[in-house]
Amino acid sequence: MAVTQEHPPVALGNTPRDLHDEAAESTRLISPLEIFRIAWEGILRNKIRSLLTMLGVIIGVAAVIVMIAISAGTEATIADQIKGLGANLLFIQASFGRGGPGGNETGPMLTYDDVAIVAGINGVVGTSVEMPTNQPVKANGTTLTDVQLVGTTPDYPSVREVSLADGRFLNEQDMDRKTKVAVLGAGVAQEIFGDADPIGQSITVDNVKLTVVGVMADKGVVGNTDFDARVYVPITLVYSRFVPSQFARFVGDRVQLIFAQIDENANLDDVKTQIQLKLASSKGISVSELPFTMQTQDDIIETQGAATEAFRNLLAWVAGVSLIVGGIGIMNIMLVSVTERTREIGIRQSVGATPNDIRLQFLAEALMLSLVGGLIGIAAGVAGAILFGATSDMRTVIVPGSIVLAFASAAAIGVFFGFYPANKAAQLDPIDALRHE
Amino acid sequence: MVPIIQTEGLRKIYEMGSVQVKALDGVDIRIDVGEFVAVMGSSGSGKSTLMNILGCLDRPTEGQYFLAGEDVSGLNKVQLAAIRNRQLGFIFQSFNLLARTSALRNVMLPLVYKRNGRGLSTDEREERAMAALEAVGLADRADHEPNELSGGQRQRVAIARALVNDPALIMADEPTGNLDTRTGEEIMEILHDLHARGRTIVMVTHEPHIAAQTQRTITMVDGRIATADAQEEEPQWQ
Ligand SMILES: Nc1ncnc2c1ncn2[C@@H]1O[C@H](COP(=O)(O)OP(=O)(O)OP(=O)(O)O)[C@@H](O)[C@H]1O
Ligand SMILES: [Mg+2]
């Protein structure tokens, strides 16, 4: 082979001006597509390591989605139950120490007579009342300590939207005559009588013999109340036999809770004001001295919501921490990866990669790892939430916002925790990187 | 004509604790456009150190380096990266190919970081990388990864990579050092061809018969130039 002179020597074309222009061009980004392609190749080149890196993010994102689904499910369950207490209810609750058990019996109290006043107000379509007292129940050879004996009125099932499984509920006659009858909650009936028919049987409550006239349908636990563990008796009987008060003839029989069912079309605030005014005038006191508070179901849902907020916050913390741990995992592996791939970085630099090219490559890799991890995490989280809801007693509600939140946090974490390793890679000197063993 | 490479008093000093290693100790060289120059010298004499500085991979501790008349000592990392990308092709003794990456993708690498002029589409890049592979006779191995190639084939891929951006200057640090004699000759043929097409080549070698194929040999001893005889006679391999 001979050296031919056909080709003139190739000279560098760079004048100082060229170099200047070149430097300006070198700050231009290479195509983003190419950056992501390089990053993607980097991920594929070490699949196991990439998967392990993503694992933290997968778990974190899945945790966020499952946790939020559980707490949203819990809230939805509570809201449903409260709605299930009856439609458009106003809860008139005796203030603590003002007629409640053990309270001061001499001040103004919420009394049984007030029920009639409330019932007479425009916009109130029904009322019921509860006077609970805890009593031991003996029957059929078994003793149940601490059954909630609830004195109530015939309106109770319609106002509270509970239904009878068998027999009848209390009626007006029972009220007037203080009949010794009882309606059993489903759980109590089951515990005492098993599969036998309880109607017509008798139970003994605090030495008073009561005849069972009805059994309630299953209702379950709502809030703090286990409806199935209750026994209903005429409220008049409670006053005369179970919580007699020597003050009753002066101030009336106290009640703890009055339920007022409000007409759908009535203005709730007007009805509330009416109740306050009428009760205040009947007691001869000012509205501010009224011994009760009024709450709607929405108020109660809100209060319950506040209670579950602590739970929700805890879950959010757990999920957040697992996301951060996932991010640290990415940083950890990225740092190892930068060290492992120092030679690759040197090779890229030797053919013209700028520090920024290298930084973007590793940032893109971290971002893609966290985004792919995020997507897998979303799939796992949604599947996990559905599975959890199906296999446990707890309900789960997948909140679309939680998916967006989890995905966005995954991306943010990828960039945040990818930045340090990427910067470290970018700062390598070409010759040091090439010499790296 | 302005020499493509000119250095003045290049020094590279490594501080190893209290000991100073003078890898380069005042190197003045001048290489003209279109020359094919061999660099020889015993191990540790500073050949690689010089090549790395000339290839803009490293910076001298002291002294100046004029590339086509432009002082590159003061350029920043980004500017040096652009020079490596456009003006220089570097061939290493150990090939330095990206593992688990096809020959074609390896050759495309300099094009990925090329940003002067208009950008190249992926198709154009592939076309040019393919042409470079063809030039080194490896078109049929485009899809092979480095570990599926022989040493000589790997070095040819590395040469194709060095060529793909059409640089004026090719730096080769012991390009045949890891290859047997026959394969080394194949590589030399490619380099001769490149030289014939007008490129300037600076090549480090330990083998006298390889050095003899070039136009001129620079010999290094302890970080200095022993002889830099531009008037050297006709290449002996002819
Ligand atoms: N990064 C470094 N740190 C410290 N000393 C170094 C470094 N690189 C090179 N040296 C020293 O500089 C001197 C020149 O090294 P260089 O690699 O340039 O030699 P060389 O001529 O290429 O040798 P060889 O023929 O074995 O490749 C040696 O003494 C070496 O030990
Ligand atoms: Mg060397």
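The values are calculated or read from the model by the stated rules, or taken from the named source; none is laboratory data. Small disclaimer: the values here were computed from a predicted structure and weren't measured. With ideal geometry, Cβ positions are generated from the backbone for all residues, glycine too; neighbour counts draw on all protein chains shown. In case anyone asks, the SASA skips ligands and DNA or RNA and just uses the protein heavy atoms, side chains included. Shrake-Rupley method; radii C 1.70, N 1.55, O 1.52, S 1.80 Å.
Observations on the model:
- Apart from one condition, residue A:160 fits all of (1) among the basic types (Lys, Arg); (2) within 22 Å of residue A:89 (Cβ to Cβ); (3) in contact with a helix residue (DSSP H, G or I) (Cβ under 7 Å, 6 or more places away or on another chain); the exception is (3).
- Some residue of the stretch B:45-63 being among the basic types (Lys, Arg) and part of a strand (DSSP E or B): no
- One residue alone among B:70, B:62, B:126 is within 10 Å of chain A (Cβ to nearest Cβ) and of a type outside the set (Gly, Ala, Ser), and that residue is B:70.
- Residue under evaluation residue B:82, criteria (1) in a helix (DSSP H, G or I); (2) open to solvent by less than 20 Å² (accessible area, probe 1.4 Å); (3) within 16 Å of ligand 2 (Cβ to nearest atom), criterion not met: (3)
- Filter pass, residue A:347 being aliphatic (A, V, I, L, M) and within 14 Å of another protein chain (Cβ to nearest Cβ): yes
- Residue B:3 meets each of the listed conditions (1) within 16 Å of ligand 2 (Cβ to nearest atom); (2) part of a loop (DSSP other than H, G, I, E, B); (3) not charged (D, E, K, R) apart from (1).
- Qualifying residues in the stretch B:172-191 (those that are of a type in the set (A, V, I, L, M) and within 16 Å of ligand 2 (Cβ to nearest atom)) - the one nearest to the chain's Cα centre (by Cα): B:172
- Single condition residue B:207 does not satisfy, out of (1) at pLDDT 95 or above; (2) within 16 Å of ligand 2 (Cβ to nearest atom); (3) not small (Gly, Ala, Ser): (1)
- Residue in the stretch B:92-110 that is among the aliphatic types (A, V, I, L, M), over 19 Å from the mean Cα position of the chain (by Cα) and either within 20 Å of residue A:433 (Cβ to Cβ) or within 16 Å of ligand 2 (Cβ to nearest atom) (or both) present: yes
- Subset of the stretch A:264-292 (residues that are surrounded by 14 or more Cβ atoms within 10 Å (Cβ to Cβ), in contact (Cβ under 8 Å) with a residue 60 or more places away in the chain and outside any loop (DSSP other than H, G, I, E, B)): A:268, A:271, A:272, A:274, A:275, A:278, A:279, A:283, A:292
- Here residue B:83 fulfils each of the conditions (1) over 22 Å from residue A:342 (Cα atoms); (2) of a type outside the set (S, T, N, Q); (3) within 14 Å of chain A (Cβ to nearest Cβ) apart from (1).
- Residue list for the stretch A:75-95, restricted to those being open to solvent by 20 Å² or more (accessible area, probe 1.4 Å), in a helix (DSSP H, G or I) and out of contact with any Ser or Thr (no Cβ under 6 Å at 6 or more places or on another chain): A:76, A:77, A:78, A:79, A:80, A:81, A:83
- Only one of the numbered conditions (1) touching a residue at least 40 places away in the same chain (Cβ under 8 Å); (2) over 30 Å from residue A:358 (Cα atoms) is not met by residue B:67, and that is (2).
- Note on the stretch A:202-236: residues that are in a loop (DSSP other than H, G, I, E, B) and at pLDDT 90 or above amount to 1.
- Pair list, Cβ under 9 Å, 6 or more apart: the stretch B:130-141 residue at positive phi, other residue part of a helix (DSSP H, G or I): B:137/B:156; B:137/B:186; B:137/B:190
- Only one of the numbered conditions (1) more than 8 Å from every other protein chain (Cβ to nearest Cβ); (2) surrounded by fewer than 17 Cβ atoms within 10 Å (Cβ to Cβ) is violated by residue B:108, and that is (2).
- Selection within the stretch A:110-153: residues that are β-branched (Val, Ile, Thr) and more than 27 Å from residue A:210 (Cα to Cα). The member of this set that is farthest from the chain's Cα centre (by Cα) is A:117.
- Looking across the stretch B:15-51 at every residue that is open to solvent by 10 Å² or more (accessible area, probe 1.4 Å), closer than 21 Å to residue B:69 by Cβ and within 11 Å of chain A (Cβ to nearest Cβ), the one that is nearest to ligand 2 (Cβ to nearest atom) is identified as B:35.
- Residues of the stretch A:380-411 that turn out to be assigned to a helix (DSSP H, G or I), out of contact with any helix residue (DSSP H, G or I) (no Cβ under 7 Å at 6 or more places or on another chain) and open to solvent by 60 Å² or more (accessible area, probe 1.4 Å), as a count: 6
- Applying the criterion of being away from ligand 1 (no atom under 16 Å from the Cβ) and open to solvent by 90 Å² or more (accessible area, probe 1.4 Å) to the residues of the stretch A:422-437, the residue that is farthest from the other protein chains (Cβ to nearest Cβ) is A:424.
- Residue-level check: of (1) in the same structural domain as residue A:61 (by TED's automatic domain parsing); (2) of a type in the set (S, T, N, Q); (3) modelled with pLDDT of 85 or more, residue A:281 misses just (1).
- Residues that are of a type in the set (S, T, N, Q) and part of a helix (DSSP H, G or I), drawn from the stretch A:412-427: A:423
- Subset of the stretch B:1-11 [within 14 Å of ligand 1 (Cβ to nearest atom) and either open to solvent by less than 30 Å² (accessible area, probe 1.4 Å) or among the hydrophobic types (A, V, I, L, M, F, W, C) (or both)]: B:10
Quick grid of which residues meet (1) within 16 Å of ligand 1 (Cβ to nearest atom); (2) over 17 Å from the mean Cα position of the chain (by Cα); (3) closer than 27 Å to residue B:113 by Cα:
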site: B:20; (1), (2), (3): yes, yes, no
site: B:36; (1), (2), (3): no, no, no
site: B:44; (1), (2), (3): yes, yes, no
site: B:49; (1), (2), (3): yes, no, yes
site: B:70; (1), (2), (3): no, yes, yes
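- Members of the stretch A:355-379 found to be open to solvent by 10 Å² or more (accessible area, probe 1.4 Å), over 32 Å from the mean Cα position of the chain (by Cα) and away from every other protein chain (no Cβ under 14 Å), listed by number: A:363
- For residue B:73, the criteria (1) within 16 Å of ligand 2 (Cβ to nearest atom); (2) of a type outside the set (A, V, I, L, M); (3) open to solvent by less than 50 Å² (accessible area, probe 1.4 Å) hold in every case but one, which is (1).
- Pick from the stretch B:137-171, criterion in a helix (DSSP H, G or I) and over 21 Å from the mean Cα position of the chain (by Cα), ranking: farthest from the other protein chains (Cβ to nearest Cβ): B:140
- Hits in the stretch A:335-366 - residues which are part of a loop (DSSP other than H, G, I, E, B) and not polar (S, T, N, Q): A:341, A:351, A:352, A:353
- Any hit, the stretch B:16-26, residues being under 22 Å from residue B:194 (Cα atoms) and among the acidic types (Asp, Glu): no
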